[in-house]
1. For S53, tell me the accessible area in Å² from a 1.4 Å probe, rounded to the nearest 10.
2. What lysines could a cross-link reach from K64, if we take a straight Cα to Cα line under 19 Å and drop same-chain neighbours fewer than 8 places away?
3. Just the number, please: percent antiparallel of the DSSP beta bridges in the chain, rounded to the nearest 5.
4. Which order do peptides 26-34, 100-108 fall in by mean Cβ count within 10 Å, highest first?
5. Take every Cα pair under 8 Å in the chain that's 6+ residues apart, average their separations, divide by the length, and report that relative contact order as a whole percent.
6. Note the full-extension length gain between K64 and S121 as 0.36 nm times their separation in residues minus their Cα-Cα distance, in nm to one decimal.
7. Pick from Q44, Q13, Q81: which is most flexible by mean-square fluctuation in a GNM of the chain where alpha carbon atoms under 10 Å apart are linked?
8. Given a 1.4 angstrom probe, I'd like the percentage of the accessible area of segment 1-71 that is carbon and sulfur, rounded to a whole number.
Amino acid sequence: QVQVVESGGGLVQAGESLRLSCVASGGFYTINAMGWYRQAPGKQRELVATMSSGPNRVYADSVKGRFTVSRDNAKNTVYLQMSSLKPEDTAVYYCNADFLLPNPYRRLEVWGPGTLVTVSS
């Protein structure tokens, strides 16, 4: 069974920084894309940032220049460094991973339980 678990959420003031981590575990062959989504109260879940197994990154326009996504493939971990946080960044942040499972080879998309980030003004 594969899973991803987030950590690092919390309460910060506007302008401060926070780093989220997401660790993948279980019986998988490899991980393709890993990334972060968020869902604010009353809104749909949206992409924040995602990264391929290589260097390719995609960011939402609202976080470009403030957030940085990175991966440590040896640790099966993806990070989200968030700087210059704004109250509108308040949301539950979800990790998402696209696994390649063995025997037989197949893809599986997995979501973490989420971690709450609250930015006060």
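1. S53 exposes around 70 Å² with every protein chain in place.
2. Output for K64: K86.
3. Values: 42 of 46 bridges.
Within the chain, antiparallel bridges account for around 90 percent of the total.
4. Details: 26-34: 15.6, 100-108: 10.1.
Listed from highest to lowest mean packing, they are 26-34, 100-108.
5. 36
6. Going from the current span to full extension adds 18.5 nm.
7. Looking only at Q44, Q13, Q81, the biggest GNM fluctuation is shown by Q44.
8. 46
The values are calculated or read from the model by the stated rules, or taken from the named source; none is laboratory data. What you are looking at is a predicted structure, and each value in this text was computed from that prediction instead of being measured. All Cβ positions, even for glycine, are placed from backbone atoms using ideal geometry, and neighbour counts span all protein chains on display. The accessibility values were calculated without ligands, DNA or RNA, using every heavy atom of the protein model including side chains. Shrake-Rupley method; radii C 1.70, N 1.55, O 1.52, S 1.80 Å.
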